[in-house]
Amino acid sequence: TRTSGLDFGMPVLELQLKCELNGLASLKLDATTRLNVKVRFPNGDVHENIWVDRKEEVDVPGSKGTVNLIIKPKGSKQHATIKFEGKEYPDYEQKDTDWKTYAYLDCRGLEITDWIVHAEGFTAETPSGECVDDIDFEDGEYYGYDEKAETETSILNIETRVIKASKSGGGKRRAGKKK
């Protein structure tokens, strides 16, 4: 998944997910889950497997601010940073069929080009209210069985994308509330 156009200034990017839930009411991502992203720096360097953790806050050198991740690209005098906006990830519900924003990230000095989904932190809920916490995505899909309802369950066609956040809405952006 790629972003359109490069903006290494101060863009806020949205990490979005879309999938197909079968036999499951919702897919949840724990608020403490780290996200795995691929980033590109202005010098063209690409770094994969960058883990961003909303619980981790670090001071920005020469500033009073904090961010969730700081990287100094090779050959650069400036640090690149990523900071979460919002506190929790939303639930993806069976009725959702379009892209859902999971995180807003304020990026400076780098651009996120991909969000790589791992099973870490994901749980699901069946229509009967049973929690499924042993989700393991094999080849980007999950298959299980709801014993209470005696039916197969699955998470299919998982897609992610990274887009520039819309400028409408004003103020702090929120990634949604858990129910």
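Quick notes on this structure:
- You will find that of 18, 95, 74, the residue that is assigned to a loop (DSSP other than H, G, I, E, B), at pLDDT 90 or above and out of contact with any Pro (no Cβ under 8 Å at 6 or more places or on another chain) is 95 and no other.
- Selection within segment 133-145 - in a strand (DSSP E or B) and open to solvent by 90 Å² or more (accessible area, probe 1.4 Å): 138, 143, 145
- Matching entry among 129, 121, 86 (being of a type in the set (Gly, Ala, Ser) and surrounded by fewer than 13 Cβ atoms within 10 Å (Cβ to Cβ)): 129
- Remark: residue 148 matches the filter, which requires a residue to be open to solvent by 40 Å² or more (accessible area, probe 1.4 Å), in a loop (DSSP other than H, G, I, E, B) and under 17 Å from residue 22 (Cβ atoms).
- Scanning segment 22-52 for residues that are part of a strand (DSSP E or B) and touching a Lys or Arg at 6+ places or on another chain (Cβ under 9 Å) returns 26, 28, 35, 46, 47, 48, 49, 50, 51, 52.
- Selection within segment 116-132 - among the polar types (S, T, N, Q) and either in contact with a Ser or Thr (Cβ under 6 Å, 6 or more places away or on another chain) or part of a strand (DSSP E or B) (or both): 123
- When residue 81 is tested against (1) in a loop (DSSP other than H, G, I, E, B); (2) open to solvent by less than 20 Å² (accessible area, probe 1.4 Å); (3) not aromatic (Phe, Trp, Tyr), only condition (1) is not met.
- Matching residues, segment 35-45, being open to solvent by less than 70 Å² (accessible area, probe 1.4 Å) and in contact (Cβ under 8 Å) with a residue 24 or more places away in the chain: 35, 36, 37, 38, 39, 40, 41, 45
The values are calculated or read from the model by the stated rules, or taken from the named source; none is laboratory data. Bear in mind that the values here come from a model prediction, so they are computed numbers and not experimental data. Cβ atoms come from the backbone with ideal geometry, glycine included; neighbour counts cover every protein chain shown. Only protein heavy atoms, including side chains, enter the accessible area calculation; ligands, DNA and RNA are left aside. Shrake-Rupley method; radii C 1.70, N 1.55, O 1.52, S 1.80 Å.
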